[in-house]
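Written below as C-alpha cells is the structure these notes are about.
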Amino acid sequence: MWNSLASRLWRAAYLRAVSSAFATVPLYRETWALHGRTDPVLVPDRTGSNGGALAADTVQRRLVDTAPLAGGSTEPDPARGLAGLLTHATQRRSHRLVVVVDAAVTRPPTGLPSGSRGCVLHPDAATPLDDGPVLREIVDTLRRGERVLAVGEDKNLDALSAALRSAEPPTELPPPDRVPHHRIDSLTGGPFGLLHDPLLGYLGVLRDCGRWHVDCRHVYVRETTGGLAFTVLDRTSPRLVDVLVGGGVPGEVQACPRHGSPVIET
Amino acid sequence: MNVDIVDPRLDPEPPGWADFAGALRLHPVWRYPLLRLEAWTARNPPVLAVVRQDGRVVGGLQVMICRSWRTSRFGPPPRRLGRWRPRWAEVYLPLHSGYPAAVFRSGVDLRAAIREFERALADRIGPGLLGVLYRAMTADLADAMSGPGRARREIDPAAVLRPPATVDEWWAGLDDEVRSTIDAVEADPRVCTDIGAGRRDLDATELAALLNAHRARQDARAWAGGQRSRFAGLHMDTRSPVSPAYLDALLRRPNVLTRTYRTPSGRLLGFATMIDERHPAAFHHWAAVSRADGGRPGLHRHAYAQAVTRAIERGVSELTAGRAMLDEKAALGFRGTRALHTVAAPRPLLSGGPVLADRLQRTGTPAGDATGHHRKRMGSTT
C-alpha cells in the first residue's frame, strides 16, 4: 500500500541521494552549486533550469564526473534493475535463462533468482545464419523443455524468434517468453513491458492494471519543467540523479489506484 | 591596516579587488569568478583575505580551509562550518603551486599585514583553527611569516626561464636529443596541434578528465618516489580535482593560451595552457595521455618549446614552469629556479592567538611588536 509512510520513505531516500551527490560527486556539485536546483534548493537563490535535472546526453558525456571523489566505476549498467522487475513483468515466477537482446546491453543482468541465468545477445547475432554460443544456448535450453525469457525491443525479439524457428537441426521448439522493453518516449499498452533506458537501466514495469509502475525500491522519479527526472537510488557509482531520460519527456507521477505504488503517465 | 575575509562561494567580490588584481597583473587564479568556481568544487575550499590600508586594497591571500587530507567530500556549505570543528588553514595556490598565495603592493609592511591576516583568520574560523601553513612562499614573504617557534623549510623550487634575446639562441642551447624530439613531433603526421587564446571551442569536460588523470598519475609516481611533502608516512594532499567549469572559465580568458594535441581522427592526446603575461608568463597546465593508453612520446617537450618561443617573441621577463620534473625542464632551458619556502604557524603562535604568541613576541621576534594580542580583532585598524 502506497501510504503516507511509504511515500515519505521514498522521498527520504531521494533526499539522501541528492545530499550525497551534492557532497561527493563532481558533476552534481558543479551543476547544483553553480546553477542551482529545486526540490530541494541547496544553494539559496539558485534554482537552475529544469529543477536541476540533467539531460541523459549530458550525463553520458560527463560520466567521468559521476564517480564520487572516493572513486568508483564510471561504466553504466544498462541491465541494472531487470531482475527485480521480472516477477511483475511476466506471469511465470522464474525462467532458466533470461536473454537480453539489445545492442546497448553488454553485460548479463545480475541478481536473478537462483536457478536462473542471464545472458546478452547482440541484435546482429539474432539471425538464422548466426551460430553463436548464446543462440546455441537458447536453443539447447528450449530443447530441454526449460523456459527462456527474452527481453528487448519488439523488433529484436521478432528477429530472435525468427532465428529460433530456423535453428538447425530443425525441431519444433517452444517459443521463448518475451517481454518487450520500451524507451520512455515510446511506451505502449502491453500486455507486458518494461521501461528501459540505456544509461539508467530498467526503471519500471507495466503491471496488470495497465499502468507503468516505477521500480520504487531502486528508482525515484520527479516531475520537472524539463520532463520526468529519474534517480537511481541504490547505485553508488556512477551516481545517476535527476536524469531526464529520453531527452526529457513530460509526465506525471501518481499513485496507482489499484496497487497504491507510484506510476507515471506520459 | 585591516583584513576582510570573504568566502567566494557566497560573498560578492570585495570592492577594489578587481582593480588590485588588474593593477598587479595577477594571474587568472586570483580572479574572483575563477576563485568562486574553484571554491565550490573543492574539497578544502579557499577563502580570500583582502588586506586594506586606508580603505585601499594593498594585498591578498588565498587560504584553503582544510578539514582533512583524505576527505572524499566537497567542502560543506559555509553555514555549516562549526567554530569548534578542528581545521587548519593553508595559504596556498593548489592549481598554481609555483607561485605564493600571497600578493602585496610594493612598500606594504608585510609583517604587519601578516599579523592582521592571522588575527582576522583566527576570528573567522574560531577556536577550531589549529594553525596556518604558508606553502610555497618566496623568501621575502617567508621572512615576514617566520618567527620564533614557527617551523620553516625550503621546498622544491619553481623552474624559471629568463628568455634569451632570440629563439635561435635558446634553441642552440638545447641538447641534440631534445631538439630531435621536438622536430619529430613537429613532423609527425599522426599528431595535429592547434593553439589559441580565450578559447571557447574546446570541450572542458574532455580536457579536465585528461588533466585529472594526468595529475593522479603524477601524484602516484611522486608518492612512489618518496616526495618531499610526505610527513610521518602520511599522504597529505589537500588539493581537489580540477572541475570542467573551472577549466572552461580559465580557457576562455584572453590571456590564457591553450594548445591541444590530437590524432587526425580527433582523439585528444594532450594539452597545455600558458598564462600569456609579460611579467611573468607561466607554463600553467600540462596533461597528456599515457604511453600505455596510446599517448605519443615527447609532446611535452614540444609544448614547452612552443611556450618558450612565444615568451621570447613577446619579450617576457620570466617564464615559469611549476615545481615538478626540474631535470626535464632544465633540459628545455629552464635552468633557473626560484626558491620557495613553507612556514608552519601552530595556533598558539598565531598573532591574535592565546598567550604563547604574546610571550614569544615580547621575548624577541625580529620585527614584531607586543601589541598584537591585545588589539581588537577582525576589522581592527592599525
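The values are calculated or read from the model by the stated rules, or taken from the named source; none is laboratory data. Here the structure is a predicted model, which is why all the values come from computation and not from measurement. Positions of Cβ are backbone-derived with ideal geometry, glycine not excepted, and every protein chain shown enters the neighbour counts. SASA here: full protein model, heavy atoms, side chains in, ligands and nucleic acids out. Shrake-Rupley method; radii C 1.70, N 1.55, O 1.52, S 1.80 Å.
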Cβ pairs under 7 Å, 6+ apart, first in the stretch B:174-203 and closer than 21 Å to B:PRO28 by Cβ and aliphatic (A, V, I, L, M), second open to solvent by less than 30 Å² (accessible area, probe 1.4 Å) and part of a helix (DSSP H, G or I): B:LEU202/B:LEU251
From B:ARG87, B:ARG56, B:ARG111, residue being surrounded by fewer than 18 Cβ atoms within 10 Å (Cβ to Cβ) and more than 14 Å from chain A (Cβ to nearest Cβ): B:ARG56
Selected residue (only one of B:ARG36, B:ARG70 is at pLDDT below 95 and either within 14 Å of chain A (Cβ to nearest Cβ) or closer than 22 Å to B:TYR246 by Cβ (or both)): B:ARG70
Test result for A:TYR14, in contact (Cβ under 8 Å) with a residue 24 or more places away in the chain and within 14 Å of chain B (Cβ to nearest Cβ): no
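Tell me, which residue of the stretch A:20-58 that is within 11 Å of another protein chain (Cβ to nearest Cβ) and more than 15 Å from B:THR41 (Cα to Cα) is surrounded by the fewest Cβ atoms within 10 Å (Cβ to Cβ)?
So the residue we want is A:ASP45.
State all residues of the stretch A:117-161 that are more than 19 Å from the chain's Cα centre (by Cα), part of a loop (DSSP other than H, G, I, E, B) and within 27 Å of A:LEU199 (Cβ to Cβ); if no residue qualifies, say none.
Keep residues of the stretch A:117-161 that are more than 19 Å from the chain's Cα centre (by Cα), which gives A:124-148, A:158-161.
Those left that are additionally part of a loop (DSSP other than H, G, I, E, B): A:126-132, A:144-147.
Within the stretch A:117-161, A:ALA126, A:GLY132 meet the criteria.
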Selection status of A:LEU194, closer than 17 Å to A:THR90 by Cβ, crowded, with 22+ Cβ neighbours inside 10 Å and out of contact with any Cys (no Cβ under 7 Å at 6 or more places or on another chain): yes
Residue match in the stretch B:273-288 (condition: more than 21 Å from the chain's Cα centre (by Cα) and of a type outside the set (S, T, N, Q)): no
Failed criterion for A:SER73 (all others in (1) farther than 30 Å from A:ARG136 by Cα; (2) touching a residue at least 24 places away in the same chain (Cβ under 8 Å); (3) surrounded by 22 or more Cβ atoms within 10 Å (Cβ to Cβ) hold): (3)
Flag for A:VAL134 being under 17 Å from A:ASP77 (Cβ atoms) and either surrounded by fewer than 20 Cβ atoms within 10 Å (Cβ to Cβ) or hydrophobic (A, V, I, L, M, F, W, C) (or both): no
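Rundown of residues vs (1) over 21 Å from B:THR238 (Cα atoms); (2) of a type in the set (Phe, Trp, Tyr), yes/no style:
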position	(1), (2)
B:ARG83	no, no
B:VAL91	no, no
B:PRO94	no, no
B:TYR99	no, yes
B:PHE104	yes, yes
B:GLY107	yes, no
B:ARG124	no, no
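Restrict the check to the stretch A:184-197 and report whether at least one residue is charged (D, E, K, R) and farther than 24 Å from A:ALA13 by Cβ.
The answer is yes; a qualifying residue exists.
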Strands (runs of 3 or more DSSP E) fully within the stretch A:162-266 counting 3 or more residues that are more than 21 Å from A:VAL99 (Cα to Cα): A:212-214, A:219-224, A:227-232, A:252-255, A:262-265
